[in-house]
Every structure is written in C-alpha cells, then in structure tokens.
Amino acid sequence: MKATETKLQGCFILEPAKYGDSRGYFFESFNEKTFNTLTNTNTHFVQDNQSFSTKGVLRGLHAQAGEHAQAKLVRVLQGKVLDVAVDVRPNSPTFGEYVAVELSDENNLQLFIPRGFLHGFVVLSETATFFYKCDNFYNKEAECGVNPLDEDLVVDWAIPIEEMILSDKDKEALSFKEVFGI
C-alpha cells in the first residue's frame, strides 16, 4: 500500500497494491498495522458504515463534535464520487481549506480523514456504494455540519448545482462563518 499526505496535514490518500490475473484481482483494503505505520498514527477503527446513492447526491459536509469526533477511512465499493475533507482544526495553518479526491471502484483509492475535519462527497456515476471506517462511535447529539454549498468555502463539487440532490438538513445547514465564527 502507498500513502500520500495531502496538503492538509494528517489527511492521506491511500492506494492499495492490486494484483490481477485472468481470474480477476485481489488487494488488501485495510491492515491496521500497515495503516498506522504509513500514516504515523495509532488509529483503531470501531465502526463501519456504508451508503448507496444515485448520481448527483451530495452528502455533507458533516462531522462529530468534541469527544465524539471521528477519524474516517473512506472508499468506494461501486461507482465514482468526489470526496471532500475540510480542515476545521482551530490552530491548523490550513484551517478552512479543503482537499477533493476522486474515489472509485476503478482506482480503489481511499482517503484517511483525521479528527477535526468536515467530510462530504458527491456521486459522479449513475450510482455509488460508499464505505467508511470510523475510529469513534456515532453520537446523534454530537452531529455538526456546514452547508456544502457555502460561498465562503467555495468547494468545487465537479457538477452543476442544478444537478445536485441534497437532504433538507444539508440545504438548511449553517454557513462556515456561522458554525466556526470566522
């Protein structure tokens, strides 16, 4: 497996070694020891989540606050998405900046998003099955989020706004300035 740190410290793109022949392919998608060595962390995942969405569905930008914050390792099992992580660590030199990575069942890339980030994705293919590991359990009371179309963040979601499908919760989410006072 290969790990490449993004411009956001602690946020990594992971690329598995894929072995193929006439029968198909094989790759190790996760190995805790290898993962922690490559990312220089001591992350222990405790919860796996999976979602299925159709083209244009935008989920995000979400996080868990305080002691319920979560690091995530995300990947796509079927289809293609644009995955976005926004740094909201208060003392980070990249606070308010984001990275966007195309994840698909063809490139098998994964994105590790440490605690202290907002996360979201938009589906670029007809459908997508999205899978992620979390290092902390979900807590409804700790939910927080920012409107993914916030004009201060200026995230390029790679598809026109009129093609996006958002939940009411995401449409009504507060702006980055309202949530973080910046």
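The values are calculated or read from the model by the stated rules, or taken from the named source; none is laboratory data. Quantities reported herein were computed from a predicted structural model and do not represent experimental measurements. Glycine gets a Cβ as well: all are built from the backbone with ideal geometry, and neighbour counts include every protein chain shown.
The residue pairs whose first member lies in the stretch 39-58 and is free of Cβ contacts under 8 Å to residues at least 60 places away in the same chain, whose second member is surrounded by 11 or more Cβ atoms within 10 Å (Cβ to Cβ) and not β-branched (V, I, T), and whose beta carbons are closer than 7 Å, counting only pairs six or more residues apart or on different chains, are N42/N36.
Here is the figure for the stretch 74-88: residues that are buried (at least 22 other Cβ atoms within 10 Å of the Cβ), within 21 Å of S125 (Cβ to Cβ) and either among the hydrophobic types (A, V, I, L, M, F, W, C) or in contact (Cβ under 8 Å) with a residue 40 or more places away in the chain (or both) total 6. The residue that is nearest to N107 (Cα to Cα), among those in the stretch 12-38 that are touching a residue at least 60 places away in the same chain (Cβ under 8 Å), aromatic (F, W, Y) and part of a strand (DSSP E or B), is F27.
Considering every residue within the stretch 5-16, establish whether at least one is surrounded by fewer than 13 Cβ atoms within 10 Å (Cβ to Cβ) and in contact with a strand residue (DSSP E or B) (Cβ under 7 Å, 6 or more places away or on another chain). Yes: one or more hits. Of the residues that make up the stretch 93-106, is at least one free of Cβ contacts under 8 Å to residues at least 60 places away in the same chain and either β-branched (V, I, T) or in contact with a His (Cβ under 7 Å, 6 or more places away or on another chain) (or both)? No, the conditions are met nowhere in the stretch 93-106.
Against the definition (more than 21 Å from Q70 (Cβ to Cβ) and loosely packed, with under 12 Cβ neighbours inside 10 Å), how does G20 come out, yes or no? Yes.
Do we have S53 as under 29 Å from E178 (Cα atoms), at pLDDT 95 or above and hydroxyl-bearing (S, T, Y) here?
So S53 passes the test.
With the requirement that a residue be crowded, with 21+ Cβ neighbours inside 10 Å and in contact with a helix residue (DSSP H, G or I) (Cβ under 8 Å, 6 or more places away or on another chain), what does the stretch 89-116 give you? If the condition is that a residue be crowded, with 21+ Cβ neighbours inside 10 Å and in contact with a helix residue (DSSP H, G or I) (Cβ under 8 Å, 6 or more places away or on another chain), then F112 is the only one that fits.
The strands (runs of 3 or more DSSP E) found wholly in the stretch 44-145 and carrying at least 2 residues that are among the β-branched types (V, I, T) occupy 72-78, 80-87, 98-104, 117-123, 127-134. Every condition in (1) in contact with a Leu (Cβ under 8 Å, 6 or more places away or on another chain); (2) modelled with pLDDT under 95 is met by L73 except one, and the failing one is (2).
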